[in-house]
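S.K.: One structure, as structure tokens, below. Some questions next.
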Amino acid sequence: MSNIWQDIKDRVSVDEVIQDYIPIISQGGSYKALCPFHNEKTPSLVISPDKGIWHCFGCGAGGDIFAFVSDIENITKKEALTKLAKKAGIKLESQHNNLEEKEAKAQSVNSFESGLKLLEWSSDIYHKILLKVTQDRKNPITQYCLNRGLTQEIIQKFKLGYAPKNNLVTELVRKYNIDYQTMQAIGVLKLKSSLDQAKVKQIELSMLSDKFVDRLVIPIFDKQSRIIGFTARVLPYDNIERPKYLNSPQTDWFNKSNIWYGWSQSRPQIIQNKKALIVEGNMDVVSSFRHGFDFTLASQGTSFTENQLKLLKNLTRVVWLAFDNDEAGKLSSDKFFKSASLLEIEVNKVVIPKEYKDLDEYLNSEKPTQLNVIPYLDWVLQSKSSLIRSSDSQVQKENILKLLDLISTVSPISREQYLKKLSALSKISIATLQSLLKPVATGTGKTEGLGLGEQEDLVNLEQLAYNNLQNFISGVTAYFPTKTPLVWDCYTLLNQILPQLSKFRDMDDFLKSNQDIFDLISSQKQELSELSVLEVIWKSLIHYLDNHLSSFILDSNLKAIYLKLKGINFLNYS
């Protein structure tokens, strides 16, 4: 299996892989495309089938088919190998026996721990160099740190470092006989640019050099406060044309889809403040801390995965969003809002005055002790009010549809509230606006409008779920023909809240979480007493309502039934 990587490359062309994810345009013997890793209007990603590589001249991203799949899907290179092997029709070798599996697992654990130690070792080197450099007040690096407010306290809190120009880490690896292969695996060393990785059969230390050169180095910590990778920023005096930020590659240690920068520093304050301030970049986190906003996080990029949002939701359900004031920042804000709203995270907008490009610039200029924060949809309504009232019908329509796209992701109650606000602003009836709302697909980032066929499928699925719940109600009443008070109250609540389940994901969640009820009623009647079945139904319904209460409108009668069910002594219910 030593040549499996090359075998896959021989069978699957780079353009064939990339066009599975994004549209590509033929240009002579190569292809071009809009880069998916940064916002752009003119294609700058070039694909070379002859060389089997791709490269973006806008952001500097590039590599082979494994690098592309790894980056765009936020998976490891090994996972990309498995995925592309299937596409190439190549069957990977399976494990041989339990003993070998255990040995391989133990070796993997040892390798992972070794990588963590070397990441810590590398960070120590960068950090000590920066502390030493900043003792010289005339050094341009010191001037940069002073201008950015990077005091000794901040440098030590975030363990910031500096990667020098002279391949120092590579030399230290040679001097102390460090495991250079692991150093390459963790992304601190890299193959020299003159070498073709596909043709290198066995890597030697002489082939490697420092990945980070003449950059401010920002270590990335995981939830356990272990260093798992780095982001490195060019310094202002840098005249070489190269990417502003250089990140660790996707590795077994560094998986950016599961990372929040600032997590280990901010976690206690987020829990205490019951909110998180979300910014675009790592330096924005550092700047926010410096100004007293120590509950700040940033992702590794402006696209957010469901894993990241679920991690965030475990800490807090309230977010203050402070992305940049440019168009890219606004688009990223909308994407974050939709993804977070689908997970029932409350999103508020930090209003940064228009004269400032980002939160960092605003904090450094005005030094506010408080931030102007309003609900995200209110901010969008305010910022688009003139466009929504525009006499140009096309402009008005486009902006109303954009706003409806956001409104479609919130709870039914919030949706109704904002439809009323939009109706008052646009002078278009609520009924018309309601008819324009698009169905929302489940899953992070899947909030775009569906095609006609997908909409029909969604309606069919919703109808199926509706019928199943109706069958559930019928089953309950059939099983308890006398309609005891508990059965009757459960029936009444379900019957009234059912029509309000407008999102398929809610019904789907309900069905999945209550599958045991269907099983109990349909297949285990003879083994259970009526009381046992009834208790399962009661507990399940109350648990569901406790977690989704904000999604329903309960009149005083239904609310009284809900509170009565919630507070009962089950055995004495009457």
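S.K.: Would you say Ala328 is within 20 Å of Gly281 (Cβ to Cβ), of a type outside the set (D, E, K, R), modelled with pLDDT of 90 or more and open to solvent by less than 40 Å² (accessible area, probe 1.4 Å)?
M.R.: No, not satisfied.
S.K.: Of all residues in region 222-234 being touching a helix residue (DSSP H, G or I) at 6+ places or on another chain (Cβ under 6 Å) and within 20 Å of Ser111 (Cβ to Cβ), which is least open to solvent (accessible area, probe 1.4 Å)?
M.R.: Looking at the filtered set, the residue picked out is Ile227.
S.K.: Restricting to region 118-144, name every residue that is hydrophobic (A, V, I, L, M, F, W, C) and surrounded by 16 or more Cβ atoms within 10 Å (Cβ to Cβ).
M.R.: Leu118, Leu119, Trp121, Ile125, Ile129, Leu130, Val133, Ile141
S.K.: Turning to a different aspect of this structure: Taking helices (runs of 4 or more DSSP H) that do not extend beyond region 3-108, which have at least 3 residues that are modelled with pLDDT of 85 or more and surrounded by fewer than 17 Cβ atoms within 10 Å (Cβ to Cβ)? Can you show your working first?
M.R.: On the way: elements: 4-11, 14-18, 65-73, 77-88.
Qualifying helices (runs of 4 or more DSSP H): 77-88.
S.K.: Hey, Leu277 hits all of (1) part of a helix (DSSP H, G or I); (2) under 21 Å from Asn325 (Cα atoms); (3) open to solvent by less than 10 Å² (accessible area, probe 1.4 Å); (4) not hydroxyl-bearing (Ser, Thr, Tyr) but one; which does it fall short on?
M.R.: (1)
S.K.: Here's a follow-up. Can you pull out the residues in region 396-424 that are open to solvent by 40 Å² or more (accessible area, probe 1.4 Å) and either in contact with a Phe, Trp or Tyr (Cβ under 7 Å, 6 or more places away or on another chain) or over 24 Å from Phe336 (Cα atoms) (or both)?
M.R.: The answer is Ala424, and nothing else.
S.K.: While we're on this one: Can you run down the residue pairs with Cβ atoms below 8 Å, 6 or more apart or on separate chains, where the first is in region 52-70 and touching a residue at least 12 places away in the same chain (Cβ under 8 Å) and charged (D, E, K, R) and the partner is open to solvent by less than 30 Å² (accessible area, probe 1.4 Å) and assigned to a helix (DSSP H, G or I)?
M.R.: Asp64/Val14
S.K.: Let me ask you something else. Give me a count of the residues in region 63-85 that are on the phi > 0 side of the Ramachandran plot and in contact with a strand residue (DSSP E or B) (Cβ under 9 Å, 6 or more places away or on another chain).
M.R.: Qualifying residue count, region 63-85: 1.
S.K.: If you go through region 145-184 one residue at a time, how many are within 31 Å of the chain's Cα centre (by Cα) and open to solvent by 80 Å² or more (accessible area, probe 1.4 Å)?
M.R.: 4
S.K.: Still on this structure: Filter region 420-437 down to the residues that are assigned to a helix (DSSP H, G or I) and among the small types (Gly, Ala, Ser), then identify the one that is nearest to the chain's Cα centre (by Cα).
M.R.: Across region 420-437, the extreme among qualifying residues is Ser435.
The values are calculated or read from the model by the stated rules, or taken from the named source; none is laboratory data. A quick note: this is a predicted structure, and the numbers were derived from the prediction, not measured. Counting neighbours? That spans all protein chains shown, and the Cβs are built from the backbone with ideal geometry, glycine included. Only protein heavy atoms, including side chains, enter the accessible area calculation; ligands, DNA and RNA are left aside. Shrake-Rupley method; radii C 1.70, N 1.55, O 1.52, S 1.80 Å.
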